[in-house]
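The values are calculated or read from the model by the stated rules, or taken from the named source; none is laboratory data. Quick caveat, the model's predicted, so the values are computed rather than measured. A quick note on method: Cβ atoms are made from the backbone with ideal geometry, for glycine too, and the neighbour counts reach across all protein chains shown.
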There are 2 protein chains.
Amino acid sequence: MTNRPTIAVVGLGLLGTSLGMALRGKGYRRLAWTRRQELRRRAVAEGVADGTSDSLPALLAEADITVFALPLDATAEYLEKYASCWHPGAIVSDVGSLKARISALGQKLLVPKQVHFIGGHPMAGTEKSGYDAAFPTLYENADVFLTPGPDAPSEAKEELKQLWESLHCHPRFIAPEHHDQLVARTSHVLHILASALTRSILGTANDPQGMRERFAGCATGFKDTTRIASSNPAMWREIIQQNRSAVLSAMAEFEEEYASLKASIQMEDFGKFETLFTEGKLLRDRWLDYKKRGE
Amino acid sequence: MTNRPTIAVVGLGLLGTSLGMALRGKGYRRLAWTRRQELRRRAVAEGVADGTSDSLPALLAEADITVFALPLDATAEYLEKYASCWHPGAIVSDVGSLKARISALGQKLLVPKQVHFIGGHPMAGTEKSGYDAAFPTLYENADVFLTPGPDAPSEAKEELKQLWESLHCHPRFIAPEHHDQLVARTSHVLHILASALTRSILGTANDPQGMRERFAGCATGFKDTTRIASSNPAMWREIIQQNRSAVLSAMAEFEEEYASLKASIQMEDFGKFETLFTEGKLLRDRWLDYKKRGE
């Protein structure tokens, strides 16, 4: 046995596997679990985790910190099903893209058992998914939102914060509802736009020659602007569905900016166009500086 | 003296400088010119070109192939001003983002002098600009559109094609008007969207705390989707202005796809949403395959 805190990572997709990889050598005992026995054994063999178990309840009973890295609905199901597994004082968290529903559920289920649910959302990911898409630097320099409930003791908040800081992330506490509105704007709406752009740019050529020309006309600008259109459709369906009203508000804000740029083109006010474009560039430069300072 | 064809690159921004770098060792004698004497000397000293001249007319007189790498209006001005400089049989081309106007002008000015104007547009670039942003692999695996006029002899077309092929590019001939409609869709509209997204995502927080949260909420998805919003505003003003009607048509096509995705969210038809998103992903996968085959 060991005195190091034991971390259980549940789910070995892109996020869970990368978390296991990143936590290597950070002073934790790492347990990992996923439904497929073959994959959890592979994770141990490949150093993604220090151990696993064929029994998820047994594994969770050992965990001081558990991080769910599953789809949103799956995390909710697992919380319901395994709520009695943790020891008092354990911390349970997740990496899901939405926080309001899971935070409420986690607190409802776990606070009575003196287990601390603190939702988490590292702003990290790629358009790929699955175990084989994982890499140890995925979380490097990422901002991480944490959504403790009113009952979360400060030691538990601090412990989860330290976990992310050990991966060179920048954790910050935020109210779960506010988080969900924020990411509708900073992330969810981007996926809708990337998909719409991909469809409009490549989608309606009616002949092979036209299609080849479109392919040839798309370069690195297209590649980057639409990268996240290659994300997992089922995952994004779940996220957009559960954050529908905030997403529609964020879309309305996008539409306003789009309409301003379009009006400047329609009215041939290209001085205005250049001003708007310049303002966007300056805003993005400020964001790049912000990320750079974090490095 | 030498028997190698002499190429003159006029303009030492990102595209011209990268072209000089890429042409190194490809069997051409490379001359480069830019307005600032200090910069053209630096280009020779740093191996971006084999030679330069303080006299642009003298330099152009030596060139078998001239490639303008200047803003659109500047290329037109230079063509007007230096139309008498080339020797008969010389080829004049460019790397500008629009082809209809410059191709018509080039042919009008140069065909009477037995000089062959064949417009060019390599689908390569970054959001950066200027000499110091250049790198030798910018054009690697890029598609290149070439817009010969009806009078262009096949040897001239072949020679320009070979130039780009020597850089591992994929040149293809296209009618200039058709080119301009195509890139409105595959490139120009992306810049407008990236700018509108940047403005809507970062633009209207009314307090420092809100701004920091927005910054934190933006990750690699934001970074890539909006990368080209950091492009040169004056350059994009010029492009959008000169391709206004095709850009507005491409925007209308984008709006249709956007409206479909939005309707699926509004009407809570998330099966439809997932289908549309999946179709976009598959289209993008086909494009990725196309680019991969080119490598």
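So the values come out like this:
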read-out	value
Verdict on residue B:250 being of a type outside the set (D, E, K, R), surrounded by fewer than 16 Cβ atoms within 10 Å (Cβ to Cβ) and either in a helix (DSSP H, G or I) or within 22 Å of the chain's Cα centre (by Cα) (or both)	no
Residue pairs meeting the criteria (Cβ under 7 Å; at least 6 apart or on separate chains; first over 15 Å from residue A:68 (Cα atoms), in region A:1-27; second modelled with pLDDT of 95 or more and among the charged types (D, E, K, R))	A:2/A:29; A:4/A:29; A:5/A:64
Residue B:242 vs. criteria surrounded by 18 or more Cβ atoms within 10 Å (Cβ to Cβ) and more than 7 Å from chain A (Cβ to nearest Cβ)	yes
Tally, over region B:85-142, of residues that are polar (S, T, N, Q) and farther than 28 Å from residue B:195 by Cα	4
Residue in region B:266-288 that is more than 7 Å from every other protein chain (Cβ to nearest Cβ), touching a residue at least 40 places away in the same chain (Cβ under 8 Å) and within 22 Å of the chain's Cα centre (by Cα) present	no
Residue match in region A:131-139 (condition: within 13 Å of chain B (Cβ to nearest Cβ) and in a strand (DSSP E or B))	no
Verdict on residue A:30 being touching a residue at least 60 places away in the same chain (Cβ under 8 Å) and over 13 Å from residue A:131 (Cα atoms)	no
Residues (in contact with a Leu (Cβ under 9 Å, 6 or more places away or on another chain), modelled with pLDDT of 95 or more and small (Gly, Ala, Ser)) located in region B:202-246	B:216, B:217, B:221, B:229, B:230, B:246
Top-ranked residue of region B:48-65 - restricted to ones that are in contact (Cβ under 8 Å) with a residue 24 or more places away in the chain and either out of contact with any Cys (no Cβ under 9 Å at 6 or more places or on another chain) or not assigned by TED's automatic domain parsing to the domain that holds residue B:110 (or both), ranked as surrounded by the most Cβ atoms within 10 Å (Cβ to Cβ)	B:49
Test result for residue A:277, within 21 Å of residue A:189 (Cβ to Cβ), in a helix (DSSP H, G or I) and aromatic (Phe, Trp, Tyr)	yes
Which numbered condition residue B:249 misses (of (1) at pLDDT 95 or above; (2) at the interface with chain A (Cβ under 7 Å from one of its Cβ atoms))	(2)
Flag if residue A:35 is surrounded by 17 or more Cβ atoms within 10 Å (Cβ to Cβ), under 22 Å from the mean Cα position of the chain (by Cα) and among the basic types (Lys, Arg)	no
Among (1) part of a helix (DSSP H, G or I); (2) within 9 Å of another protein chain (Cβ to nearest Cβ), the one test that residue A:126 misses	(1)
Residue count, region A:163-178 (criterion: out of contact with any strand residue (DSSP E or B) (no Cβ under 8 Å at 6 or more places or on another chain) and at the interface with chain B (Cβ under 9 Å from one of its Cβ atoms))	1
Selection count, region B:115-129, where residues are crowded, with 21+ Cβ neighbours inside 10 Å and within 14 Å of the chain's Cα centre (by Cα)	7
Single match in B:132, B:151, B:143 (criterion: among the acidic types (Asp, Glu), surrounded by fewer than 23 Cβ atoms within 10 Å (Cβ to Cβ) and touching a helix residue (DSSP H, G or I) at 6+ places or on another chain (Cβ under 8 Å))	B:151
Search result, residues across region A:223-235 that are within 7 Å of another protein chain (Cβ to nearest Cβ), surrounded by fewer than 22 Cβ atoms within 10 Å (Cβ to Cβ) and either out of contact with any Asp or Glu (no Cβ under 6 Å at 6 or more places or on another chain) or among the hydrophobic types (A, V, I, L, M, F, W, C) (or both)	A:234
When residues of region A:80-105 are limited to those that are buried (at least 21 other Cβ atoms within 10 Å of the Cβ) and over 18 Å from the mean Cα position of the chain (by Cα), the one nearest to residue A:55 (Cα to Cα)	A:85
Top-ranked residue in region B:179-205 [being more than 8 Å from chain A (Cβ to nearest Cβ) and not in a loop (DSSP other than H, G, I, E, B); ranked as surrounded by the most Cβ atoms within 10 Å (Cβ to Cβ)]	B:180
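Per-residue answers, yes or no, for (1) out of contact with any Lys or Arg (no Cβ under 9 Å at 6 or more places or on another chain); (2) of a type in the set (Val, Ile, Thr):
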| residue | (1), (2) |
| --- | --- |
| A:185 | no, no |
| A:192 | no, yes |
| A:195 | no, no |
| A:204 | yes, yes |
| A:216 | no, no |
| A:224 | no, no |
| A:228 | yes, yes |
